[in-house]
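I have placed the structure first, in the form of structure tokens, so that the comments after it can refer back to it.
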Amino acid sequence: EETDAQGCYVLPGLMDTHVHSRDPGATHKEDFYYSTLAAAAGGITTVFEMPNTVPPVNSAKNFHKQVQNLSEKANVDFGLWGICLGQLNLNDIQALDDAGVIGFKFFWGYAVDRNTYALIYNYKPEMENVIPPFKDGEVYQIFREVAKTGKILAIHAENNELIQTLTNEVEESGRTDYEALVEGRPDFAELTTIQTGISFAKHAGTRLHILHISSGIGADEVKNAQNRGEAITTETCPHFLFLSAEDYEDVGPQMKVYPPVKYKQDQDQLWERIDDGTISVVCSDHAPHTEAEKDGDLWSIPAGMCGVETTVPLMLNAVNEGRITLQQAVALLSENPAKQYDLYPQKGSFQPGTDADITIVDLDQSFEIKREELHSKSKVSAYDGFTGTGMPVQTIVRGKTVMKNNEFVNENQGGLVKPSRTSETIES
Ligand code: DOR
């Protein structure tokens, strides 16, 4: 396929390693056809789908079912996270590894509302007693089991025992302002969960990844562990880089996510940790809810917003503003995740003339994010009205254009990607 990229930059296909498409389980919020259409529109050639679906990706059987379900709808390539449910699926971890998960995710506490948790955990009746909080011993067993696979254990670093106490206190005080939300899930909750994770990972020999890091002190802790030579990586998301608690007045409940967006000082520190390489990945945590669900008081609405379509423009705008270089953006969105999750060089690089994943970007094209124009089913975004410069103009998946100048072609081109350790890497 010939393409004219005059005046544009031709980049290795950009990736989003943190996407919740709600498929199956909550397809009224989003489904994989729409989330991957939004991905293609946003210059993303590969997404990693999160496993907290209903049913969850908790066993090899459900992994294969999910591959079948998503393959029918995939507009870009996808990898699948497996979920760790403590004792419930310790015996499934090895088989999930063999099946080809990207890595394992552990929600160290509630990140979705209790009802959704109940759905995920009660998927079989005998799961009733194991809804979090987890005991440390159980968590350590997860670390040990995942260590045997050599794959990454990615944690949502908000330990439930602590945040439950803190949020209860705030709730009893009757406060519903944004600061109260952060006080219920403060930076030190993230920090202490990271610290426990670091010591468990060190002793169990686990490759640890901290998901969506939100606090300066959390990121510093990761940096210190990296300096000691420990196997730990971390990612952050545009909402932690471009928003802070101070924006709540303007943006409103759309920006409620877990962990909550923290303060300006945290934002500044996260940029520093990007600069020094501590944070290796930027991803969206695309977590749609319906607009009706997000319309309510801050305390009771669910956490999560769309992001798979807006990450690349926001990061390119940051390049134009001189916050990072284009090389850094490519590393954060393509090369580093591809290497970290053992997909390199199939992903994260390209040889001219081969059927590679490519994202072509125009650094001079200006944009205004309009929520009603987003391609995901849900239009919940904290960036409605945000203007900037730098747009993806063409998205190419394994040699086939899927988006060009905001038009879609070759729908349903996407296939499963597996880490290179497993025999086949891409199944279409
Ligand atoms: O805000 C969030 N929403 N954070 C998470 O970690 C989970 C996600 C969801 O699935 O809604």
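The values are calculated or read from the model by the stated rules, or taken from the named source; none is laboratory data. Keep in mind the model is a prediction, meaning the values are calculated, not measured. Every residue, glycine as well, gets a Cβ built from its backbone with ideal geometry; the counts of neighbours run over all protein chains shown. For the accessible areas, the whole protein counts, side chains as well, though only heavy atoms, and no ligand, DNA or RNA atoms are used. Shrake-Rupley method; radii C 1.70, N 1.55, O 1.52, S 1.80 Å.
In table form, for the structure just shown:
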| item | result |
| --- | --- |
| Region 275-428: equivalent-ellipsoid semi-axes (sqrt of 5 x gyration tensor eigenvalues, Cα, Å) | 27, 19, 18 |
| Under Karplus coefficients 6.51, -1.76 and 1.60, residue-wise ³J(HN,Hα) of region 373-384 in Hz, glycine/proline x | 9, 5, 8, 5, 4, 8, 10, 6, 9, 8, 10, 4 |
| Convex hull projection area averaged over all views, region 215-271, Cα basis, nm² | 3.9 nm² |
| Separation of the residue 372 and residue 246 label points, Cα + 7 Å toward Cβ, nm | 3.2 nm |
| Peptides ranked, highest mean first, by Cβ atoms within 10 Å: ranges 278-288, 139-149 | 278-288, 139-149 |
| Residue-by-residue Karplus 3J(HN,Hα) for region 243-252, coefficients 6.51, -1.76, 1.60, Hz, glycine and proline x | 10, 8, 3, 4, 7, 4, 4, 7, 7, x |
| For residue 102, residues with placed amide H under 5 Å, excluding near neighbours | 80, 81, 82 |
| Long-range Cα-Cα pairs in region 129-184 (distance over 17 Å), rounded percent | 53 percent |
| Computed over region 274-428: relative contact order in percent, which uses C-alpha pairs under 8 Å that are six or more apart | 21 percent |
| Under-5 Å amide H pairs with residue 212, H placed in peptide plane, nonlocal only | 235 |
| Region 1-51 - percent relative contact order, Cα under 8 Å, separation 6 or more | 46 percent |
| Two-site label geometry, residue 291 and residue 54: point separation in nm, points 7 Å out along Cα→Cβ | 2.4 nm |
| Å² of accessible area per residue within the chain, as computed with a 1.4 Å probe and no ligands counted | 38 Å² |
| FRET efficiency, residue 169 to residue 87 (Cβ-Cβ, R0 25 Å, nearest 0.05) | 0.25 |
| Mean-position separation - Cα centroids, region 273-302 and region 1-62, in angstrom | 16 Å |
| Longest to shortest principal axis, alpha-carbon extents of region 340-428, angstrom | 45, 29, 28 |
| Whole-angstrom Cα spans of region 1-113 along principal axes, big to small | 55, 31, 27 |
| Charge sum, other residues only, whose C-beta stays under 12 Å from residue 170's C-beta, Lys/Arg counted +1 and Asp/Glu -1 | -4 |
| Distant-in-sequence amide H partners of residue 393 (H built 1.01 Å from N, under 5 Å) | 360, 361, 362 |
| Helix-only CD estimate at 222 nm, as mean residue ellipticity for the chain, using -39500 (n - 2.57) per DSSP H run (n ≥ 4) | -9500 deg cm²/dmol |
| Integer Hz, Karplus 6.51/-1.76/1.60 couplings in order for region 390-399, x for Gly and Pro | x, 9, x, 10, 8, 10, 10, 10, 6, x |
| Normalised contact order of region 44-104, rounded percent, pairs of Cα under 8 Å and 6 or more residues apart | 43 percent |
| Per-peptide average of other Cβ atoms within 10 Å, ordering 66-75, 263-272, 20-29, 308-317 highest first | 308-317, 20-29, 66-75, 263-272 |
| Rh by Kirkwood over Cα pairs, then Stokes-Einstein D for region 162-243 at 0.692 mPa s and 37 °C, µm²/s | 237 µm²/s |
| Semi-axis lengths (Å, descending) of the ellipsoid that matches the C-alpha gyration tensor of region 280-371 | 30, 17, 13 |
| Whole-percent carbon and sulfur share, accessible surface of region 278-387, 1.4 Å | 45 percent |
| Inter-part distance where region 332-363 and region 218-245 are each reduced to a Cα centre, Å | 23 Å |
| Hits among lysines - C-alpha to C-alpha of residue 151 under 24 Å, sequence gap 8 or more where chains match | 61, 65, 105, 135, 202, 223, 339, 347, 418 |
| Net length gained if the chain between residue 327 and residue 354 were fully extended (0.36 nm per residue, minus Cα distance) | 7.6 nm |
| Spherically averaged projected area in nm², based on the convex hull that wraps the Cα atoms of region 203-301 | 7.2 nm² |
| Rg/Rh ratio calculated on Cα atoms of the chain (Kirkwood radius) | 0.94 |
